[in-house]
Amino acid sequence: MNVMHRRLCRSDRWAERMHGQVMPWALEDLDLGGDVLEIGPGYGVTTRWLVGRTGPLTAVEVDPRLATALDREMAGRVEVHTADGARLPFRDASFDVVVCFTVLHHVPSPAHQDKVFAEAARVLRPGGVFAGSDSVLSLRFRLLHVGDTMVVVDPATMPDRLRDAGFLDASAEAGERSFRFRAGR
């Protein structure tokens, strides 16, 4: 991520938006009481919101520095692993819920995103749910990602992509700056 993007993702303003708007909307009416996996927590803004609202929480972060920092901060409250969401280090059917927030557009290709979806399906227990959010394309969003990986996910194609990955009842809904998705296993 570029300097401006890193600064935003660590900011109080970003945390307020994620905690006050995006995450409650994306996870509306979802039972988070079971084993929960978060893919791509980055600087931990979303993890800080989840930690008091879920059952046992596990996080997978591809960047070793961010994973180490999150592990230190969340010691004893979150099990943190350094791994790619497209190659999760867990047995089949390990989690009741898998979530990810504003991370999909950082995945380097649609094919790699589809592998993340397939891995989320693989590690979910029957009856489990994959849910989260990502950003919709705008000029502001493009400018924030100059020099970054930015592979925007089209919310209109998300349900079909999730079904192709093995999910049932997949849906996506666009809001003003974000979209939310949900799919069952």
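Only the coordinates and a few stated rules stand behind these numbers; no lab work does. If you're wondering where the values come from, they're calculated on a predicted model, not measured in any experiment. Here Cβ is always computed from backbone atoms with ideal geometry, including for glycine, and neighbour counts include all displayed protein chains.
Structure values in brief
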{"item": "Share antiparallel - DSSP beta bridges, segment 3-184, percent rounded to 5", "result": "40 percent"}
{"item": "Student exercise, segment 1-111 dipole from Lys, Arg, Asp, Glu Cβ charges, in Debye to nearest 20", "result": "540 debye"}
{"item": "Nonlocal amide H pairs with residue 170, under 5 Å, H built at 1.01 Å", "result": "184"}
{"item": "222 nm mean residue ellipticity, helices alone, for the chain (DSSP H n ≥ 4; -39,500 (n - 2.57); rounded to 500)", "result": "-8500 deg cm²/dmol"}
{"item": "Furthest towards positive pole of dipole, 75, 162, 36, structure part segment 3-184, Cβ charges", "result": "75"}
{"item": "Cα gyration tensor category, rounded, prolate or oblate, for the chain with a/c compared to 1.5", "result": "rounded"}
{"item": "Lys, Arg +1 and Asp, Glu -1 on Cβ, resulting dipole of segment 3-184 about Cα centre, debye, nearest 20", "result": "540 debye"}
{"item": "The chain: most fluctuating residue of 33, 132, 85 per GNM, C-alpha cutoff 10 Å", "result": "33"}
{"item": "Phi-based couplings in Hz for segment 62-70 (Karplus 6.51, -1.76, 1.60; Gly and Pro marked x)", "result": "6, 7, x, 5, 5, 5, 5, 5, 5"}
{"item": "Using θ = phi - 60° and Karplus 6.51 cos²θ - 1.76 cosθ + 1.60, couplings along segment 169-174 (whole Hz; Gly, Pro as x)", "result": "6, 7, 8, 8, 9, 8"}
